[in-house]
Amino acid sequence: NAGVMQNPRHLVRRRGQEARLRCSPMKGHSHVYWYRQLPEEGLKFMVYLQKENIIDESGMPKERFSAEFPKEGPSILRIQQVVRGDSAAYFCASSEPGQGYEQYFGPGTRLTVT
Amino acid sequence: KNEVEQSPQNLTAQEGEFITINCSYSVGISALHWLQQHPGGGIVSLFMLSSGKKKHGRLIATINIQEKHSSLHITASHPRDSAVYICAVSPGGGADGLTFGKGTHLIIQP
């Protein structure tokens, strides 16, 4: 049973470009969470999604950031017009009610904005 | 909003020592998680607990719901235990995003 997959593992973007981060949850999991870890800072919740629904986006910056979890395919975190302050590690986790909502984390995508 | 405090922030110990990391939170929760992160690495879930005590190998986690406090213990510590240990809480209901402590940087010297 494959774990949570994230790609790419490393992403370099110039200021103003778009970044797309992908997350494939564990098989059978329908809940996906995105977290951000800024350099030298702790992890912060960004958004919680179920298939085709955003459940809680209270941690998402108001502009330039969006997330989706379509019926088919991975969850996508999209950052438009990236700025240097977006450089961070972005982690995805997945869970399932039948497992008590224990969250399993992916390896992360390290975004560097130059 | 839940505040999660961890102590100590940094801990250096000798191989073989018994290690304790503490976590306290301000608001009632459905579960508490202990996570491990190696430098530049991914995040591994060590424990999820809502009451009592859990043990896995040399790691033990306890939680006191009334006191809103949890501890992570490492027995017979080894240099490979060197990592950042992060406490995180799930709000009531359990399905929502986690709130994290700032982490404890642990270094075990041979």
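Can you tell me how many residues within the range A:66-114 are within 14 Å of chain B (Cβ to nearest Cβ), out of contact with any Leu (no Cβ under 9 Å at 6 or more places or on another chain) and either among the polar types (S, T, N, Q) or open to solvent by less than 50 Å² (accessible area, probe 1.4 Å) (or both)? The qualifying residues number 9. Which one of these is more than 15 Å from the chain's Cα centre (by Cα) and either within 14 Å of another protein chain (Cβ to nearest Cβ) or touching a residue at least 60 places away in the same chain (Cβ under 8 Å) (or both): A:Q50, A:Q17? From the options A:Q50, A:Q17, the qualifying one is A:Q17. Take the conditions (1) at negative phi; (2) within 11 Å of chain A (Cβ to nearest Cβ); B:L59 misses just one of them, which is (2). Checked against the criterion of being at positive phi and modelled with pLDDT under 95, the candidates A:E96, A:E102, A:E40, A:E72 yield just one match: A:E40.
A count restricted to the range B:5-40 and to residues that are of a type in the set (V, I, T) and at pLDDT 95 or above stands at 4. Can you pull out the residues in the range B:10-47 that are open to solvent by 70 Å² or more (accessible area, probe 1.4 Å) and under 12 Å from the mean Cα position of the chain (by Cα)? Residue satisfying the conditions is B:V44 alone.
In the condition set (1) more than 14 Å from every other protein chain (Cβ to nearest Cβ); (2) of a type outside the set (K, R); (3) closer than 15 Å to B:G97 by Cβ; (4) open to solvent by 40 Å² or more (accessible area, probe 1.4 Å), A:E63 is compliant with all but (3).
The values are calculated or read from the model by the stated rules, or taken from the named source; none is laboratory data. Because the structure is predicted, anything quoted here is derived from the model rather than measured. We place every Cβ from the backbone using ideal geometry, glycine too, and count neighbours over all the protein chains shown. Surface areas here come from the heavy atoms of the whole protein model, side chains and all, with no ligands, DNA or RNA. Shrake-Rupley method; radii C 1.70, N 1.55, O 1.52, S 1.80 Å.
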